[in-house]
Amino acid sequence: MKRIQHYDPPSTGDLAHLKDELNFTSAQMADLAGLAQGAQWRKYTGGVAARELSLHMHFYMAALLTLSDEELGRIVECMRAHGAEVELGPLPAGRPPKPE
């Protein structure tokens, strides 16, 4: 079994770039990261003392963006085997592309 041995979080600029790349609102990014609302997401992308994205939150976001439905389903089944109640839903849809 492998584990992540070292982690340096993305910068606020990196996170802003991801948001732009996905064409998501702050509320959609909050949903993707498992946060309650867009204002929570903005704490990771700005301000004098922006929060660092934790390894756990980053891993969760990357998994949702990367894993196939089958792979994600296997993880959910493992979580259920540990006693969790889990329900899958769709990722938030991005906004239409910005006009150039």
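The values are calculated or read from the model by the stated rules, or taken from the named source; none is laboratory data. Computed from a prediction, not measured in an experiment: that's the story for all the values here. Cβ atoms come from the backbone with ideal geometry, glycine included; neighbour counts cover every protein chain shown.
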Which of (1) touching a helix residue (DSSP H, G or I) at 6+ places or on another chain (Cβ under 7 Å); (2) more than 23 Å from residue 93 (Cα to Cα) is the odd one out, the single condition residue 54 does not satisfy? (1)
Being part of a loop (DSSP other than H, G, I, E, B) and of a type in the set (Gly, Ala, Ser) is the filter here; which residues of region 65-75 pass it? 68
Say we look at region 1-36 and pick out the residues that are more than 15 Å from residue 91 (Cα to Cα) and among the polar types (S, T, N, Q); which of these is surrounded by the fewest Cβ atoms within 10 Å (Cβ to Cβ)? 5
Within region 13-55, can you find the residues that are of a type in the set (Asp, Glu) and assigned to a loop (DSSP other than H, G, I, E, B)? 52
Report, ordered by the first and then the second residue, all pairs with beta carbons closer than 9 Å, sequence separation of six or more or different chains, a first member in region 32-49 that is over 14 Å from residue 19 (Cα atoms) and at pLDDT 90 or above, and a second member that is outside any loop (DSSP other than H, G, I, E, B) and aromatic (Phe, Trp, Tyr). 34/60; 35/41
If residue 58 passes every condition in (1) at pLDDT below 95; (2) surrounded by 13 or more Cβ atoms within 10 Å (Cβ to Cβ) but one, which one does it miss? (1)
For residue 62, indicate whether it is farther than 15 Å from residue 93 by Cα, of a type in the set (Gly, Ala, Ser), within 12 Å of the chain's Cα centre (by Cα) and not in a loop (DSSP other than H, G, I, E, B). yes
